[in-house]
Amino acid sequence: LLLRWRRRRGLWRKVKEARQRQERSLVQMEMAVRRFREQHPSVNMVSILSLPLPELSKKLRDGSLPPEHVFYAYVGKALQIATETNCITEYLQESETQLQKAKLTGKLGLLYGVPVSIKDSIDCQGHDSTLGFIKNLNKPAAEDSVVVQVLRRQGAIPFVKTNVPQSLISYDCKNLIFGQTFNPLLYTRSPGGSSGGEGALVGGGGSILGFGTDVGGSLRFPAAFCGICALKPTGNRLSKKGIISGVLGQKAVAAAVGPMAKDVESLALCMRALLCEDMFNLDSTVPPLPFNEEIYSGTQPLRIGYYETDFFTMPSPAMRRAIRETKQLLEDAGHTLVPFELMNVDYMIFNFCIRGMFADGATSFLKRFKGELEKSSMGLFFWLAKSPNWLKTVLSWIAKPFVPRFSDIVRSMRANTVDEVWSLHHEIEEFCHQFIAQWKKLNLDVMLCPMLGPALSIGYPGKLSVAVSYTMLYNILDFPAGVVPVTMVTDEDEEELKGYQGYFRDWWDRTLAKAFRSSTGLPVAVQCVALPWQEELCLRFMKEVETL
């Protein structure tokens, strides 16, 4: 007991030190901005912050806007948003040195002078990538991840790291070290996750371009919840070298790294900058596919598949309306819309997603939590994961008639043999080929899909892991998928929500109905999807939706 007490005290000391570092970061930001304002009292920070990224980068490159004006304008705004939402974990003080060097070199990359924010799990040299785990504190990365190296070479200035949920396997944004991040649009709501710190910072206007990762919607949830745009590319279009994943080594559900910004043109500019020789030289496993300008700037009408529901997670009235209104606008603009029927989404969620992520019975995932202080929010999950296979089978069988979805989750968490894992991977490949065949049969260019929204109240995402069905599908398929906000929740949507029952009418459906409530005025987004390696077409479609 004494040893345990001493160990716990040591862990709490590490947490306290990390929080003090976080506070010091905000003080450093405040001092840096104050110094700059004293030296340059006439700089109009508000007008700088109002510039969209393409215009801002043009002014930086042609010299009409000094990089330090832009940098300190964003440091000041980021400080304000961090104070309101608790989204920043660390200020990268070396960014000030990089700013001075950038002015001297004269080499103007596509993102010259643009301050960018980076998710906690993306390595930046000399800084921790904690994933919300105490054991990862005071273990600074030896070098920058490839994405950060390329950003620097393109002239961008990474200036802050942002908060994540513990382990990343969540679409909320809370951990024991840095606490809860809040949605900048409404503080009682979650910013989404796991790139929640990025969503809050970009959504609040404290960063013009942010970078996160996505293994089930971790870029798309924060974008949708905070009313901004994001692109989850095909898993290997951008390098993941130096990026730490939630479940190391699993291959069933494809992870990706991607950008978040206020508009689609900013995402396109970012992809243009990243898909360069440097990216392909630094990580030769990334296919050397430069950004295809011709496809992105195409104007020919598109054949667009669409669906309003996946028949697993019942869409909120606002989600359904978002699809219907977008479909109508696209048709009016001369595009062809074709209904697409999704099949067996429940099978995909339980057998491919949950079983695929935790094929070892969640053993490697549990190891991550060994020696950590608090696991209370995931108590049932841990208990299930630690149970022997025979108990999971019995529990699944008993629960089947009463709570079929719980029964399926328990069954999906059994430890698999190597033979079973290979068989699962083969099944996922077959599923992907069938999905593409259905797509090709309808001769589609892209797909319009629902996106979970509006933002759920804080604490609800942890109870509603089943609601990831709309996003997780495109990690299993490894298709590029982007999010564009298209509407806001109306009083009529709220009224209609009173009749929401869900498809299973179980505890999860009732909880989701509660989580959607009292959301008038909050943004609702749609997903835009393309076939693998067609990020440019995906962005072109997103741009079309945004414009309409």
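The values are calculated or read from the model by the stated rules, or taken from the named source; none is laboratory data. Predicted model, so just to flag it, every value in this text is computed and none were measured. Cβ sites come from the backbone with ideal geometry, for glycine too, and all protein chains shown count toward neighbours. Accessible surface areas use protein heavy atoms only, side chains included; no ligands, DNA or RNA. Shrake-Rupley method; radii C 1.70, N 1.55, O 1.52, S 1.80 Å.
Would you grab the residues whose amide H sits under 5 Å from the one on G502? Only those 5+ places off in sequence or on another chain, please, with H modelled 1.01 Å from N.
Here the answer is none, since no amide H 5 or more places off falls under 5 Å of that of G502.
If Lys and Arg each add +1 and Asp and Glu each add -1, what is the summed charge of the other residues whose beta carbon sits under 15 Å from the beta carbon of M45?
Once positives and negatives cancel, what remains is +2.
If the cut-off is 12 Å between C-alpha atoms, which aspartates and glutamates fall inside it for K386, apart from same-chain ones fewer than 8 positions away?
Once the sequence-local aspartates and glutamates are set aside, what remains near K386 is D360.
Over the heavy atoms of H426, what accessible area does a 1.4 Å probe trace out, to the nearest 10 Å²?
Looks like 110 Å² after rounding.
Putting +1 on Lys and Arg Cβ atoms and -1 on Asp and Glu Cβ atoms, find which of G235, F402, T89 reaches farthest to the positive end of the dipole of the chain.
Value: T89.
Which order do W397, W439, W5, W533 take when ranked by solvent-accessible area (1.4 Å probe, heavy atoms of all protein chains), largest first? Intermediate results must be reported in sequence, preceding the final value.
Values: W397 195, W439 0, W5 135, W533 100 Å².
Final ranking, largest accessible area leading: W397, W5, W533, W439.
Does segment 246-337 classify as rounded, prolate or oblate by the C-alpha gyration tensor (a ≥ b ≥ c root eigenvalues; a/c under 1.5 gives rounded; else a/b over b/c gives prolate, otherwise oblate)? Please report the intermediate quantities before stating the final value.
On the way: a/c = 2.50, a/b = 1.40, b/c = 1.79.
Oblate, since a/c reaches 1.5 and b/c is not below a/b.
Please name whichever of V146, L1, G205 sits farthest to the positive end of the charge dipole of the chain, dipole taken about the Cα centre and charges placed at Cβ: Lys and Arg +1, Asp and Glu -1.
L1
Which aspartates and glutamates, if any, have their Cα less than 20 Å from the Cα of K58, not counting same-chain residues under 8 positions apart?
By straight Cα distance, K58 reaches E68, D263, E265, E293.
When a/c is below 1.5 the answer is rounded, else prolate if a/b is larger than b/c, else oblate, so apply that to segment 1-291 with a ≥ b ≥ c taken from the square roots of the Cα gyration tensor eigenvalues.
Values: a/c = 1.56, a/b = 1.20, b/c = 1.30.
Because a/c hits 1.5 or more and a/b fails to exceed b/c, segment 1-291 counts as oblate.
Hey, got the dipole for segment 76-169? About the Cα centre, +1 on K and R Cβ, -1 on D and E Cβ, debye to the nearest 20?
With Lys and Arg at +1 and Asp and Glu at -1, about 280 debye.
Which three extents, in whole angstrom, do the alpha-carbon atoms of the chain cover along their principal axes, largest first?
In descending order, the Cα extents are 73, 71, 49 Å.
Step through the residues of segment 333-342 one at a time and calculate ³J(HN,Hα) from phi using the Karplus curve (6.51 cos²θ - 1.76 cosθ + 1.60, θ = phi - 60°), rounding each to whole Hz and writing x for Gly and Pro.
8, x, 8, 9, 10, 10, x, 10, 9, 7
Accessible area per residue for segment 1-291 in Å², computed with a 1.4 Å probe and the full protein assembly in place, what is it?
37
Positive end of the charge dipole of segment 279-325 (Lys, Arg +1 and Asp, Glu -1 on Cβ, about the Cα centre): tell me which of P290, S316, I304 has its Cα farthest that way.
Farthest along the dipole direction, towards plus: S316.
Nearest 5 is fine: what % of DSSP beta bridges in the chain come out antiparallel, could you say? Before the final figure, lay out each step's value.
Details: 30 of 45 bridges.
Among the beta bridges of the chain, antiparallel pairing accounts for roughly 65 percent.
Give the shape of segment 1-66 as rounded, prolate or oblate, defined through the alpha-carbon gyration tensor: a ≥ b ≥ c are the square roots of its eigenvalues, a/c under 1.5 means rounded, and otherwise the shape is prolate if a/b is larger than b/c and oblate if not. Mind dumping the intermediate values first?
Working: a/c = 5.55, a/b = 2.92, b/c = 1.90.
Judged from the Cα gyration tensor, segment 1-66 comes out prolate (a/c at least 1.5, a/b above b/c).
Summarise the accessible area of segment 321-430 (1.4 Å probe, protein heavy atoms) by the percent that is carbon and sulfur.
Working: 3590 of 5900 Å².
About 61 percent, which is the carbon plus sulfur part of the accessible surface.
Report, for segment 1-291, the % of DSSP beta bridges that are antiparallel, rounded to 5.
Values: 14 of 22 bridges.
Within segment 1-291, antiparallel bridges account for around 65 percent of the total.
Before I look further, what does segment 396-463 give for accessible area per residue, probe 1.4 Å, in whole square angstrom? Can you show the working numbers first?
Numbers: 3490 Å² over 68 residues.
I get 51 Å² per residue for this part.
Could you give the dipole magnitude of the chain about its Cα centre, charging the beta-carbon of Lys and Arg +1 and that of Asp and Glu -1, in debye to the nearest 20? If you can, show how the numbers build up before the last one.
On the way: 63 positive and 56 negative charges, 496 e Å.
Here the chain has a charge dipole of around 2380 debye.
Beta carbons within 10 angstrom, averaged per residue: use that to sort the peptides 58-66, 247-255, 450-458, highest first.
By packing density, highest mean first, the sequence is 450-458, 247-255, 58-66.
Go from 0 up to the bin containing the longest alpha carbon distance in segment 446-548, width 10 Å each, and give me the % of pairs per bin.
14, 39, 33, 14, 0
Counting only protein heavy atoms and using a 1.4 Å probe, what share of the accessible area of segment 1-291 belongs to carbon plus sulfur, as a whole percent? Present the calculation step by step, with values, prior to reporting the outcome.
Details: 5950 of 10850 Å².
That fraction is 55 percent.
Please list, in order along segment 508-516, the HN-Hα scalar couplings obtained from phi with the Karplus expression 6.51 cos²θ - 1.76 cosθ + 1.60 (θ = phi - 60°), rounded to whole Hz, x for Gly and Pro.
5, 5, 5, 5, 5, 4, 5, 5, 6
Compute the relative contact order of the chain as a whole-number percentage, counting only Cα pairs closer than 8 Å that sit 6 or more residues apart in sequence.
15
Dipole magnitude of segment 1-291 about its Cα centre, charges +1 at Lys/Arg Cβ and -1 at Asp/Glu Cβ only, in debye to the nearest 20? Display every interim value, and only then the final one.
Values: 37 positive and 24 negative charges, 215 e Å.
Dipole size: approximately 1040 debye.
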